[in-house]
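Enquirer: Handing you this structure, nothing more for now.
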Amino acid sequence: MTSLMNTYARLPVSFVKGSGATVEDSDGNTYLDALTGLAVCGLGHAHPAVAKAVSDQAETLLHTSNLYEMPIQAALAERLTALSGMDRAFFGNSGAEANEAAIKIARLHGQKRGIKSPMVVVTDQSFHGRTMATLTATGNRKAQAGFEPLLNGFVRAPFNDPATVEQIAADNPQIAAVLVEPVQGESGIRIPDDGYLDALRAICDANGWLLMLDEVQTGNGRTGRYFAYQHTGCLPDVVTTAKGLGNGIPIGVCLARGEAAELFQPGHHGSTFGGNFIACAAAHAVLDTIESENLIERAGQLGKRIVDGLGKALRGDNRIKEVRGKGLMIAVELNEPVPGLVNAGLERGILINAIGDTIVRLLPPLNLTDEEADEVVARVSAVIEGQAT
Ligand SMILES: *Cc1c(COP(=O)(O)O)cnc(C)c1O
């Protein structure tokens with residue numbers, strides 16, 4: 001492991017295979033995966049439809065580049081624009097790349113409106129990626145520290161606070177767009193008030209800004225709609241997604257509508273690998289499966305089952321501040337730091353994530369059985385209760 005740059009504090013376990021919601025480590029121990037590689041494997045591990053699509057494509061043609069027509073990519077763009085209400089798609093390989101495309105669109109939009117230094121409003125506790133622009137957009141000083149100079153062109157507002165964005169609009173004629181997560185994932189499943197996105201939409205409309213939603217984590221059915229904004233009446237101008245789209249094959253996409261969809265012209269942006277055959281084959285299989293197995297509705301039902309179950313199982317423990325969720329983005333927030341929860345999870349055979357020792361985050365697969373969902377509840381509550389002092 002010493003040959004790897006030291007970017008991750010890795011857990012001392014390595015997985016060798018998986019099936020559905022179960023993964024097996026190199027010692028033969030099995031675990032229930034309530035994290036899915038951070039909202040990536042929404043269909044679970046080794047899903048047969050994805051495996052077949054990827055394997056068939058690998059035996060046919062992996063890559064030719066975006067210098068040539070690719071009907072499989074055009075067809076994926078058509079499906080994603082239909083699902084999102086957008087008009088056009090640009091494919092990259094990750095969430096950060098999808099957001100980079102969005103930020104570049106915002107700058108073109110601002111320049112076109114005569115703004116010399118267009119700025120994007122972003123929020124506290126946001127996460128948009130690790131590239132320089134997306135790191136600058138990210139609302140986490142710890143992640144940014146040491147990487148100065150950060151980029152120009154961002155203004156920060158508190159999350160879930162349209163009044164401050166209104167004030168920024170009044171004070172700052174340089175703004176071209178707002179970039180926000182409909183539910184903040186990395187900072188601990190923070191769900192804004194109903195009406196937040198609609199309020200941002202109204203401010204964007206009043207000022208000629210683009211409303212850009214980062215659905216890298218919330219997209220692809222995870223919250224109980226294909227995109228999380230579809231819980232509201234609000235339609236953004238730009239949407240990005242990545243994580244769950246390829247079920248583990250790297251793919252990211254920036255979708256846009258109206259004028260925002262027409263801004264990129266040849267030479268403006270590109271990606272060698274973006275939207276190549278293998279990534280598109282995987283994403284088509286993911287969309288096919290989400291549709292044929294009704295997984296969007298299922299995610300909503302499972303989320304309610306798990307949140308209700310955890311609420312019951314943990315009732316009476318006064319260290320619990322809140323159990324919350326939007327579909328299968330679920331958090332248990334504690335009143336006090338409880339270290340060691342992730343390792344306690346490994347010992348009890350469940351993969352979970354902890355944010356700062358006070359928030360347990362769950363991002364389980366969209367196709368859990370009811371029994372597996374109940375087992376997630378049982379094991380997670382045992383992990384938390386087992387830590388009782
Ligand atoms: C994970 C994440 C990203 C970054 O995606 P990468 O694929 O790691 O670049 C961006 N935005 C949100 C909301 C995310 O959850």
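Enquirer: Can you tell me which residue in region 24-40 is farthest from GLU215 (Cα to Cα), limited to those that are touching a residue at least 60 places away in the same chain (Cβ under 8 Å) and part of a loop (DSSP other than H, G, I, E, B)?
Expert: Looking at the filtered set, the residue picked out is ASN29.
Enquirer: Does region 159-168 contain at least one residue that is among the small types (Gly, Ala, Ser) and more than 30 Å from ALA331 (Cα to Cα)?
Expert: no
Enquirer: Let me ask something additional. Answer with yes or no whether LEU302 is assigned to a helix (DSSP H, G or I), within 20 Å of the chain's Cα centre (by Cα) and not basic (Lys, Arg).
Expert: yes
Enquirer: Looking only at region 28-60, count how many residues are within 16 Å of the ligand (Cβ to nearest atom) and not hydroxyl-bearing (Ser, Thr, Tyr).
Expert: Qualifying residue count for the region: 7.
Enquirer: I would also like to ask the following. Scan region 253-270 residue by residue and report those that are of a type in the set (D, E, K, R) and either part of a helix (DSSP H, G or I) or within 18 Å of ASN66 (Cα to Cα) (or both).
Expert: Residues satisfying the conditions are GLU259, GLU262.
Enquirer: Look at region 249-280 and say how many of its residues are surrounded by 21 or more Cβ atoms within 10 Å (Cβ to Cβ) and out of contact with any Leu (no Cβ under 9 Å at 6 or more places or on another chain).
Expert: 3
Enquirer: Still on this model: Considering only residues that are under 16 Å from GLY244 (Cα atoms) and without any contact (Cβ under 8 Å) to a residue 24 or more places away in the chain, which ones fall in region 49-76?
Expert: Across region 49-76, the qualifying residue is only ALA51.
Enquirer: Moving on to the next point. Hey, any hits in region 169-183 for a residue that's more than 16 Å from the ligand (Cβ to nearest atom), of a type in the set (S, T, N, Q), part of a loop (DSSP other than H, G, I, E, B) and in contact with a strand residue (DSSP E or B) (Cβ under 6 Å, 6 or more places away or on another chain)?
Expert: yes
Here is a yes/no grid of residues against (1) farther than 15 Å from ALA242 by Cβ; (2) among the β-branched types (Val, Ile, Thr); (3) touching a Cys at 6+ places or on another chain (Cβ under 9 Å):
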{"position": "GLY85", "(1), (2), (3)": "yes, no, no"}
{"position": "GLY92", "(1), (2), (3)": "no, no, yes"}
{"position": "ALA102", "(1), (2), (3)": "no, no, yes"}
{"position": "GLY110", "(1), (2), (3)": "yes, no, no"}
{"position": "PRO118", "(1), (2), (3)": "yes, no, no"}
{"position": "ASP124", "(1), (2), (3)": "yes, no, no"}
{"position": "THR131", "(1), (2), (3)": "no, yes, no"}
{"position": "LEU135", "(1), (2), (3)": "yes, no, no"}
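Enquirer: Cβ-Cβ distance below 7 Å, separation of 6 or more or different chains: which pairs start in region 155-184 with a residue that is among the acidic types (Asp, Glu) and end on one that is surrounded by fewer than 21 Cβ atoms within 10 Å (Cβ to Cβ)?
Expert: GLU166/ILE203
Enquirer: Within region 93-125, track down each residue that is hydroxyl-bearing (Ser, Thr, Tyr) and either more than 15 Å from the ligand (Cβ to nearest atom) or in contact with a Ser or Thr (Cβ under 6 Å, 6 or more places away or on another chain) (or both).
Expert: Hit for region 93-125 is SER117, nothing else.
Yes or no, residue by residue, for (1) hydrophobic (A, V, I, L, M, F, W, C); (2) touching an Asp or Glu at 6+ places or on another chain (Cβ under 6 Å); (3) more than 16 Å from the ligand (Cβ to nearest atom):
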position	(1), (2), (3)
ASN152	no, no, yes
PRO158	no, yes, yes
TYR196	no, no, no
ASP237	no, no, yes
GLY244	no, no, no
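Enquirer: Might you let me know whether region 328-351 holds any residue that is closer than 21 Å to LYS243 by Cβ and surrounded by fewer than 16 Cβ atoms within 10 Å (Cβ to Cβ)?
Expert: No; the residues of region 328-351 include none that is closer than 21 Å to LYS243 by Cβ and surrounded by fewer than 16 Cβ atoms within 10 Å (Cβ to Cβ).
Here, each number is a calculation from the coordinates, and none is a lab measurement. None of the values given here were measured: they were computed from a predicted structure. We place every Cβ from the backbone using ideal geometry, glycine too, and count neighbours over all the protein chains shown.
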